[in-house]
Amino acid sequence: MLTKFLIISKQNLIHLLEKLSKKFVIFGPKKQNGNIIIDKINDLSHLVLEYEGRSLIPPKKFFLPPTEVLFEYEIEKDNIKIWDKLVELKKQKRILIGIKPCDISSLNILDKVFIREFHDPYVTTRRQNTIIVGITCETIVDTCFCVFTDSGPLVREGFDLLLTRIDESYLVEVGSEKGGQLISKFDELFQPAPQEFIRAREEKMESLIEKISSLVLPNFSEMYDIMVKNFHHEIWKELSNQCLSCGKCNFVCPTCYCFDVYDDVDLLLKHGKRIRRWDSCHFLSFTRVASGEVFRKERETRIKQRIYHKLVYSVNDIGVISCVGCGRCINVCPAGIDIREIVRELWRGE
Amino acid sequence: MKMSYERNTKPKVGIFTLSSCEGCIVQILNLEETLLEILEHIDLVDCRVLGVKHVYDKLDIAFVEGCVMSKEEEEEIKKIREKTKILVALGDCACSGGKFMMKDFEISELRVSLPGGREVFRADPIDKFVKVNYYLRGCPINREEFVELVKDLLLLRLFKESPLSVCSECILREQECLIDQGYPCLGPITRGGCNAVCPYNNKICYGCRGLSEDANIDSLINIFKRRGIPVPPYLLSLKKLVISKR
């Protein structure tokens, strides 16, 4: 049985990553133009493990990239050759370090869609080849509400290792066999965790929960019936006057996964690529079919689609809501549309 | 729309210029080797800039850049339409009137006077006079997008404009929002496909690709007002224009 809790000093963590970087490509948070973005870490001194809030674009981009070539093909008379990108993906070995509990929860939700509901080989392969090293939050930002979506400040599964800063060290929770095996070769860098470290983490979490709980909100999982009842509530009309249909909320949402698939053929019309690209339910083109008909012409129906998918349709399809309370959509909306206010208003109307 | 070319012949293509800076055709010329590849698949019969002027009755495809600013141009675009199967509006001028349309915005600083005492009635997009089959937007056009369009036309496939907004393309490049920094960026209501080239380079989006489908101009004006961002006069004029077109 592996030890569940260990500690590692900040210095030793960097040593560990240096050693691991010989075998794995490391992705983690770094600063870019004032934003925290999660990107390939070529120089470990650029890694920013302690940051407020969460990255601008969620880690889903590492499993379902914004644009991705699925396969390439060549047509030579009657012969069609196919190069599946899956072959290269299977060789990849990655470590994704520094993602927050809300984002780990979002990956668990995406698994239900891409692994259990459908079997998407590209997403599944990337998930299997990526080691997740999460980190718990130090503080909250004013758009955080993970407590109300049961997705933070602590997660129970979906990570291989989970770090919590305690003074100048990190408390490491081993979350999977894969995580245990990864560090078992580097015993000398770790120490067993004393009880007070585990207690310190609990205290940290309690203080985070207390801060977030000052918001007056229901648990989002309990909104199902209220949402169903309020499908024709006046709030949707009001929101449709504000929404710009820009689609930003979809792209920053860690659980929005809709995509479009198209072919890019070369000029000789012999060689081509099949490409998958993120799509947004806020765009009119999202529901446009071959005849030209659009099923969600009114902006109101498109706004509803996103919110109802999170709180109702997702429960129908995969058994859980698909909002993790990261608050990214609130941060980026130019119109200031706030999912918490929508939920609060409908909940209070009850 | 019925689209087919004569069997075993290359489609006959013309490229035409109305009132514009000819920047869009320069984009096509900048394709260099790719342009030579394209020319292998088409029969270019009319292009003033390249000095091509063959005798022909009908065209399969006509690319038209520029907007309509005179009676002569109105006649010209109607003539082109009559002999063409597929008409493509090339660039912001042809698609929506472009920069020239600003003279109708009643903004005193932008008043335009044309040389030679030419009679001007207004700057109009070509679809005011003729049916347009495809729009290739932007000022100037994006040459990669032009190649995509040509490929689709050669494959007899429907060309799909980018579904994205400039705003959504900007966030994919993980940029800090210019509106959040207090600038009147039109990214949220502008059609994407340009990969947010302006906001990515810290310049606000002026909407050169035209309004996105179902653009909510009112809301953007309110957002600017609420945040104390001066509302650009062209945004108010754009609104007037949209209402007048309805």
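Every number here is computed from the coordinates shown, using simple stated rules; none is lab data. Model, not experiment: these values are computed from the prediction. Neighbour counts run over all protein chains shown; Cβ positions are idealised from the backbone, glycine included.
Say the dipole of chain A comes from +1 at the beta carbon of Lys and Arg and -1 at that of Asp and Glu; which of A:ILE14, A:PHE62, A:HIS271 then lies farthest toward its positive end?
Selected residue: A:HIS271.
Which of the trypsin sites (Lys or Arg not before Pro) found in region A:152-247 are in a DSSP loop and have at most 14 neighbouring Cβ atoms, other than their own, within 10 Å?
A:ARG156, A:LYS185
Mind giving me the FRET efficiency for B:GLU144 and A:ASP43? R0 is 30 Å, r the Cβ-Cβ distance, nearest 0.05 is fine.
Here the calculated transfer efficiency is 0.40.
Report the Rg/Rh value for region A:99-208, based on alpha-carbon coordinates and the Kirkwood definition of Rh.
Here Rg/Rh amounts to 1.00.
Counting only other chains, what is the mean number of Cβ atoms within 10 angstrom of the Cβ of each residue in peptide B:208-218?
What the average comes to for B:208-218 is 4.
Averaging the inverse of every distinct alpha carbon separation and then flipping it gives the Kirkwood radius. What is it for region A:73-116, in angstrom units?
Answer for region A:73-116: a Kirkwood hydrodynamic radius of 13.9 Å.
For chain A, set up a Gaussian network in which alpha carbons nearer than 10 Å are linked by springs, and say which option among A:CYS249, A:CYS329, A:CYS258 fluctuates the most.
In the Gaussian network model the winner is A:CYS258.
Return the tail of the calculated pair distribution for the protein assembly as shown, meaning the percent of Cα-Cα pairs more than 38 Å apart.
Result: 41 percent of Cα pairs exceed 38 Å.
What GluC sites (Glu not before Pro) in region B:25-82 are in a loop by DSSP, with at most 14 other Cβ atoms within 10 Å of the Cβ?
B:GLU32
Could you grab the Rg to Rh ratio for chain A? Cα atoms only, Kirkwood for Rh.
Rounded to two decimals, Rg over Rh is 1.00.
Which value does Rg/Rh take for region A:153-268 over its C-alpha atoms, Rh per Kirkwood?
1.14
In whole Hz, what ³J(HN,Hα) sequence does region A:104-111 give by Karplus (6.51, -1.76, 1.60; θ = phi - 60°), x for Gly and Pro?
Once θ is set to phi - 60°, the couplings for region A:104-111 become 5, 4, 5, 5, 5, 5, 4, 4 Hz.
Just to confirm my numbers, what's the Cα centroid distance between region A:5-64 and region B:29-43 in Å?
Rounded to whole Å, the Cα centres lie 45 Å apart.
What pairs from A:LYS30/A:LYS185; B:LYS12/B:LYS131; A:LYS304/B:LYS239; A:LYS297/B:LYS79 go past 29 Å between their alpha carbons?
Table pairs above 29 Å Cα-Cα are A:LYS297/B:LYS79.
Starting at 0 and stepping by 5 Å, how many percent of the alpha carbon pairs of region B:166-244 end up in each bin?
The distribution over region B:166-244 is 3, 16, 29, 25, 18, 6, 1, 0, given as percents.
Can you list the residues of region A:18-38 with backbone N under 11 Å from a point 7 Å past the Cα of A:LYS185, pointing along Cα to Cβ?
Answer for this model: A:19-24.
What list of ³J(HN,Hα) values in whole Hz, one per residue of region B:47-53 in order, does the Karplus curve 6.51 cos²θ - 1.76 cosθ + 1.60 (θ = phi - 60°) give from phi, with Gly and Pro shown as x?
Here the 3J(HN,Hα) series is 6, 4, 4, 8, x, 9, 8 Hz.
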